[in-house]
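Any read-out appearing in this document is the output of simple, stated calculations on the displayed coordinates, not a laboratory observation. Since we're looking at a predicted model, the values are computed, not measured. Positions of Cβ are generated from backbone atoms using ideal geometry, with glycine treated the same way; all protein chains shown enter the neighbour counts.
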Ligand code: AHR
Ligand code: AHR
Ligand code: AHR
């Protein structure tokens, strides 16, 4: 059985079921998600390898070879057509064309399920999915349940990495107009014990960790690499639950009455579905989503226990974030441009500015050092790498406003994440492409001989499609110094 078969047996059927990693019904063999590639703007759908099975990631890898892919649609497996697509502008604009949010990279969150590769949805700030024209989700004070499997190590404090029920017009229409799972360490509204991240309920104009606004210490900080998160609600009763998606059972972090602050009892749920954003399209948050559902009716703890057992049996595990030429921590490397006409230029820096410069064996020692980089374990993720300046130890390549710069380590989580990059086989078929860990649609790219983290076909000038795959493919050699 799949999670939605178990919810059906419990009398609380799925009305939305989303996953890029696996079928959530044992009989489901249709499309799980759609990807679009930059090379020719065509799309393909990815289905399970077999009914009820794991997504056919190999089909994605073949389709996306030598280019970049975005996840354009996350299909609803429930049959109700509650698909998730690029979120439109609302109370806040997104960064993409016409105020839409960005779409997620198709390769930002690789995992295995029972040893078979699949990809989750890696939400960088600015990324979001939504469906405002829903069928069958809870409205008003009607009962519903939700779960989502997330990466408990990928979060931030911005508003709001959510999955669940929200406004149908993408605006803040008042307290109680949402009921969604929130995950992160935002402290503007509720908090739990410790410093976070926490599973909370986004009920609109408030992230709730319990009945009272503000701190509820029974809601623990949770950072399981694979996290099962649950929010469910019915008339004057709701709960937050969670656990390790890779083993064991669920715990209840809150179960009780609705908040007494005005507007939350009864609820005024509208039934739209959001992923990665707040109800009003607040889009500063980050997180990773693997699978999740919304139900009709309030699921019992017993039903959720069987769903949790099903998730554990799916055996989520980590897998490599890199490919191609192996990078070795402690080594010094150079990165040579491979774009025709620029092949004598190397990734270098002039102060904080990162550029390409012509370097030869007769260049000065100073220039050779400016074009040499010490590979270190990724400051924000040990499965990837950071690049320390040879002539300015303690300073690392990091992106800021999507410009690549050389900055001193300031000890912040933001810096560590901005300075973490995952090398992969070069998109042009030569060398290596260096993907931003935190924005996996983006790669080291030279553009007018300056360095950016660029996404193919994005909104900035340096995202231009012309010569993109060449500009992001670097010949890696031993450093000059
Ligand atoms: O409830 C927290 C956030 O407040 C909601 O997600 C958003 O709509 C509003 O800004
Ligand atoms: O480069 C994009 C973002 O710009 C970085 O993550 C952040 O540090 C800055 O605001
Ligand atoms: O960085 C040099 C060139 O500048 C790139 O190849 C091109 O994309 C841009 O015009």
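Quick notes
- Any hit, region 231-248, residues being more than 20 Å from residue 180 (Cβ to Cβ) and assigned to a strand (DSSP E or B): yes
- Tally, over region 340-389, of residues that are assigned to a loop (DSSP other than H, G, I, E, B), within 16 Å of ligand 3 (Cβ to nearest atom) and under 18 Å from residue 407 (Cα atoms): 1
- Considering residues of region 434-451 that are buried (at least 24 other Cβ atoms within 10 Å of the Cβ) and more than 18 Å from residue 70 (Cβ to Cβ) only, the residue nearest to ligand 3 (Cβ to nearest atom): 446
- Scan of region 427-468 for residues that are assigned to a loop (DSSP other than H, G, I, E, B), more than 16 Å from ligand 2 (Cβ to nearest atom) and under 18 Å from residue 110 (Cβ atoms), ordered by number: 427
- Only one of the numbered conditions (1) away from ligand 1 (no atom under 16 Å from the Cβ); (2) in contact with a helix residue (DSSP H, G or I) (Cβ under 8 Å, 6 or more places away or on another chain) is violated by residue 80, and that is (2).
- Residues that are surrounded by fewer than 18 Cβ atoms within 10 Å (Cβ to Cβ), in contact with a helix residue (DSSP H, G or I) (Cβ under 9 Å, 6 or more places away or on another chain) and within 23 Å of residue 448 (Cβ to Cβ) within region 391-401 comprise just one, 400.
- Restricting attention to region 279-301, the residues being within 16 Å of ligand 1 (Cβ to nearest atom) and within 21 Å of residue 143 (Cα to Cα) number 1.
- Total residues in region 390-404 satisfying the condition of being within 14 Å of ligand 2 (Cβ to nearest atom) and not in a strand (DSSP E or B): the figure is 2.
- Residues of region 177-195 satisfying the condition of being under 18 Å from the mean Cα position of the chain (by Cα) and in a loop (DSSP other than H, G, I, E, B): 185, 186
- Taken over region 38-65, the criterion of being part of a loop (DSSP other than H, G, I, E, B) and buried (at least 17 other Cβ atoms within 10 Å of the Cβ) is satisfied by 38, 39, 47, 49, 52, 53, 56, 64.
- Scanning region 83-99 for residues that are free of Cβ contacts under 8 Å to residues at least 60 places away in the same chain and either surrounded by fewer than 20 Cβ atoms within 10 Å (Cβ to Cβ) or assigned to a loop (DSSP other than H, G, I, E, B) (or both) returns 83, 85, 98, 99.
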